1. Which one of these does C40 not meet: (1) surrounded by 13 or more Cβ atoms within 10 Å (Cβ to Cβ); (2) farther than 28 Å from R93 by Cα; (3) not polar (S, T, N, Q)?
2. Condition check: under 26 Å from H97 (Cβ atoms), in contact with a helix residue (DSSP H, G or I) (Cβ under 9 Å, 6 or more places away or on another chain) and part of a loop (DSSP other than H, G, I, E, B). Does S79 satisfy that?
3. Can you pull out every residue in the stretch 48-64 that is outside any helix (DSSP H, G or I) and modelled with pLDDT under 90?
Amino acid sequence: MDVILLRKLSSKSLLGFGKYADMTVSQVIAINKKIYLKWCYYNLSNISFIDEILDELYIIGDYVIEKPGTDAKKWNDMSNYMNKYIGAEGMARKARHKKRQKANSICNNNRLSKLYYKKSVLRYLNNSKT
């Protein structure tokens with residue numbers, strides 16, 4: 001006898017699979033990886049989300065599919081829509097964010113190295129190793 005398991009995930013549910021296995025659905029949304037959750041919805045037959053999460057992922061109307069099951073065609077339609085209307089602007093935003101992130105990390109590393117090599121810090125490190 002085959003048992004079909006369907007996991008309906010809420011915002012506090014741990015994913016338990018994939019890249020973000022140790023994160024909750026709300027944490028994945030917070031790090032702007034909604035596209036991953038959409039992919040999971042359309043391509044994994046036993047994974048679904050509660051209605052509030054589906055609304056937050058903009059899976060509404062004709063894009064909702066019958067679960068358990070998959071629909072690669074609707075996933076392709078959804079990704080084509082996102083690429084067409086959000087693609088160029090989103091990619092430019094992503095590039096700006098990446099540049100800012102790199103600049104911030106370099107700035108933070110410089111600040112830490114300046115702090116670490118201060119005379120007082122080095123004196124403390126030398127004297128505490130006795």
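1. (2)
2. no
3. If the condition is that a residue be outside any helix (DSSP H, G or I) and modelled with pLDDT under 90, then L57, Y58, I59, I60, V64 are the ones that fit.
The values are calculated or read from the model by the stated rules, or taken from the named source; none is laboratory data. All figures in this text were calculated on a predicted structure; none of them were measured in a lab. Note that each Cβ is placed from the backbone with ideal geometry, even for glycine, and that neighbours are counted across all protein chains shown.
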